[in-house]
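Trainee: What follows is a structure written as structure tokens; I'll ask about it next.
Nothing in this text is a laboratory measurement; each read-out follows from the coordinates by a stated rule. These numbers come from a predicted model, not from an experiment. Methodologically, a virtual Cβ is constructed for each residue, glycine included, from the backbone with ideal geometry; neighbour enumeration extends over all protein chains shown.
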Amino acid sequence: MSGVRTGVIHDTRRRRGEHIEWEMYPQYCREKRSIVGGNYDCSTVLGEIAATGQLTQLDLAASDGSEVAVAVLYNPTDASAGPVSGTVTECQVIYREEYLLWPAGITDGQKATAIKQLNQAGGQKVRSAN
């Protein structure tokens with residue numbers, strides 16, 4: 001079998017920081033924030049619950065503030081049992097669009113709106129692979 005490689009493991013897990021194309025200074029661009037609502041992989045797009053200031057996965061059906069994209073998760077974070085501290089990037093950073101994790105069922109129009117929200121929040125920029 002020519003051309004077939006055996007013994008190669010394809011790791012489909014996200015790697016911390018692979019969604020970042022550029023950031024000003026890691027100490028400046030990354031923040032510890034309270035994360036709630038689930039078990040999230042790195043590069044998950046987050047919204048902020050206005051009443052608590054906690055971050056959760058972007059929820060386009062919500063009306064509590066989490067429907068607006070404000071940050072991206074840097075590390076995998078399990079907040080399914082309650083609030084935990086997680087590292088996010090939310091300023092002076094350029095993201096690779098193809099690595100961002102979006103909510104299931106998001107449309108192209110909703111994604112474009114969320115990208116605009118990130119681009120307007122704290123000097124964040126989403127760069128398309130195209």
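Trainee: Using every alpha carbon pair in segment 20-127, what percent of pairs falls into each 5 Å bin from 0 up to the bin containing the largest distance?
Mentor: Using 5 Å bins, I get a P(r) of 2, 14, 26, 27, 20, 9, 2 for segment 20-127.
Trainee: Follow-up question, since we're still on this one. Among the lysines, which fall within straight-line cross-link reach of Lys32, defined as a Cα-Cα distance under 21 Å, with same-chain neighbours fewer than 8 residues apart omitted?
Mentor: Excluding near neighbours in sequence, the set is Lys125.
Trainee: Then there's this: Put a dot 7 Å past each Cα toward the Cβ at Asp78 and Ile106; how far apart are the dots in nm?
Mentor: Inter-label distance under the simple model: 2.4 nm.
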